[in-house]
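What follows is one structure encoded as structure tokens, with my remarks underneath.
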């Protein structure tokens with residue numbers, strides 16, 4: 001019987017396998033497997049060599065970071081000194097406690113617990129909670145400073161139960177004369193998120209570190225900041241310190257020496273007392289500003305320690321504006337203080353100082369009578385008598401002869417409306433009016449009564465107390481005196497003669 005699929009009907013013979021064939025097959029497979037294993041081994045060796053040589057520094061640092069903890073030591077700020085070397089802003093050692101919001105598990109409970117341990121007022125606790133809720137997670141929030149040792153120790157032993165709480169020993173800013181230098185010196189505070197974005201320096205987010213926020217503290221921040229130190233310690237996996245490895249001390253910031261006379265500044269502030277006013281004392285021979293007192297003021301120690309919302313609201317809403325530096329930002333009608341300056345303008349226009357005017361207590365200009373402060377009149381008045389008796393009618397009359405333009409030019413020459421090169425955050429320039437100014441500002445023509453008003457320091461004319469002090473110095477010396485606030489600033493303006 002034949003089967004079609006068997007072809008000729010015979011069975012196919014199986015492949016003959018002998019020892020030689022098996023040995024050859026095994027040898028080929030062994031070589032292939034060996035080659036694969038050798039390749040893998042070579043790759044592993046290359047990788048190990050790469051990790052051991054090329055990546056050695058990277059993994060050494062990562063290993064070291066698990067064992068060693070590096071913390072920055074905030075530098076001590078440089079002192080701000082008066083002309084005699086007495087401190088207006090210094091540092092004092094203290095115990096303090098801060099919060100790192102991103103490290104806390106239950107912020108509200110932690111803050112309440114701190115309030116109990118430190119006997120904080122309810123308003124202060126509310127302020128801290130508000131700051132924690134609105135701050136960046138990495139930015140430290142100050143809880144309290146100036147703690148005694150018992151409070152510091154009570155917090156330190158409870159740290160395992162208070163995550164995010166950072167008690168530490170350090171230095172805080174101290175202002176010995178308090179409010180008398182508030183506007184001038186300014187204050188310090190923790191860096192804001194915006195300030196950290198502009199200057200991403202790790203020291204800015206170190207707990208307890210503060211930067212200048214206002215006044216000279218802000219203007220001289222780079223000089224006062226100093227160089228931070230560092231501390232390397234060996235720690236366990238849980239973060240417990242085993243031993244100190246190395247400590248690099250911080251470098252204190254450079255001192256800033258001012259021209260201010262500390263006792264004079266304090267005396268002027270006390271004399272003003274609770275009234276609203278300012279005092280500027282300037283050395284005509286050097287341009288040194290000996291006193292820049294503005295009252296009422298604020299205590300910079302309160303701001304540096306973290307002022308509460310209630311205290312700040314009281315300062316903000318006070319009608320005497322204690323938060324404004326009246327020396328630089330207070331603009332007032334200068335009144336009769338400009339009469340010597342106006343007299344210089346009159347002399348420059350050829351007015352004879354012996355020319356007289358008869359004062360009957362007022363002068364009619366157009367359809368209006370402008371009164372003199374002495375309603376009974378001063379009688380016959382020349383320039384000298386017009387100045388020392390402050391006769392308004394004399395200046396009403398003479399100003400109409402020369403017009404406003406030369407008076408305005410002399411006012412600017414004497415420092416009114418001028419910005420001075422001082423290390424301050426801002427200063428207001430005031431107004432020296434003239435016909436061009438009025439047309440630009442109000443779109444109106446200058447009138448005779450505008451000249452009459454301006455010539456006795458009224459009307460549109462505005463100036464700051466500092467500008468009036470500079471005006472008096474330039475009139476007294478005849479030189480283009482420029483004010484200076486730091487002793488390392490070279491006196492300026494004495495080589496320029498304003499009034500030969």
task = Averaging sequence separations of C-alpha pairs under 8 Å and six or more residues apart, then dividing by the length of segment 187-299, give the relative contact order as a whole percent.
result = 17 percent
note = Applying the gyration tensor rule to the Cα atoms of segment 362-409 (axes a ≥ b ≥ c; rounded if a/c under 1.5, else prolate if a/b exceeds b/c, else oblate), the class is oblate
query = So, how do all the Cα-to-Cα distances of segment 69-257 break down into 5 Å bins, in percent, from 0 on up?
reply = 1, 7, 14, 18, 20, 17, 13, 6, 2, 1, 0
remark   = For the residue 375, residue 352 Cβ pair and Förster radius 30 Å, calculated FRET efficiency rounded to 0.05 is 0.60
message = 7 Å from Cα along Cα→Cβ at both residue 388 and residue 230: what's the point-to-point distance in nm?
response = 7.1 nm
Binned Cα-Cα distance frequencies in the chain - 20 Å width, integer % = 17, 34, 22, 13, 6, 4, 3, 1, 0
task = Classify segment 182-321 as rounded, prolate or oblate from the Cα gyration tensor: take a ≥ b ≥ c as the square roots of its eigenvalues, call it rounded if a/c is under 1.5, otherwise prolate when a/b beats b/c and oblate if not.
result = prolate
ask   = If you average the sequence gap of Cα pairs under 8 Å that are 6 or more apart and divide by the length of the chain, what percent do you get for the contact order?
value = 14 percent
ask   = Taking the Cα-to-Cβ direction at residue 313 and at residue 102 and moving 7 Å from each Cα, how far apart do the two end points lie in nm?
value = 3.3 nm
query = Distance in nm between label sites at residue 444 and residue 320, each 7 Å beyond Cα in the beta-carbon direction?
reply = 3.5 nm
message = Using helices alone, I'd like the mean residue ellipticity at 222 nm for the chain: each DSSP H run of four-plus residues gives -39500 (n - 2.57), total over residue count, nearest 500.
response = -11000 deg cm²/dmol
Full-stretch length increase - residue 40, residue 222 - with 0.36 nm per residue and alpha-carbon distance subtracted = 59.8 nm
task = Report the calculated FRET efficiency for residue 126 and residue 56 (r = Cβ-Cβ distance, R0 = 41 Å), to the nearest 0.05.
result = 0.20
key: Length released on extending from residue 92 to residue 367, taking residue separation times 0.36 nm less the Cα-Cα span   = 92.3 nm
query = Stretch residue 154-residue 24 to full length: gain in nm at 0.36 nm per residue minus the Cα-Cα span?
reply = 38.6 nm
query = Nearest 0.05, what FRET efficiency do residue 401 and residue 194 give at R0 = 51 Å with Cβ-Cβ as r?
reply = 0.35
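Taken together, the values in this text are just the output of simple stated rules run on the coordinates, not laboratory data. As the structure is a computational prediction, the values presented were derived from the model and not from experiment. No Cβ is skipped: glycine too gets one built from the backbone with ideal geometry, and neighbour counts run over all protein chains shown.
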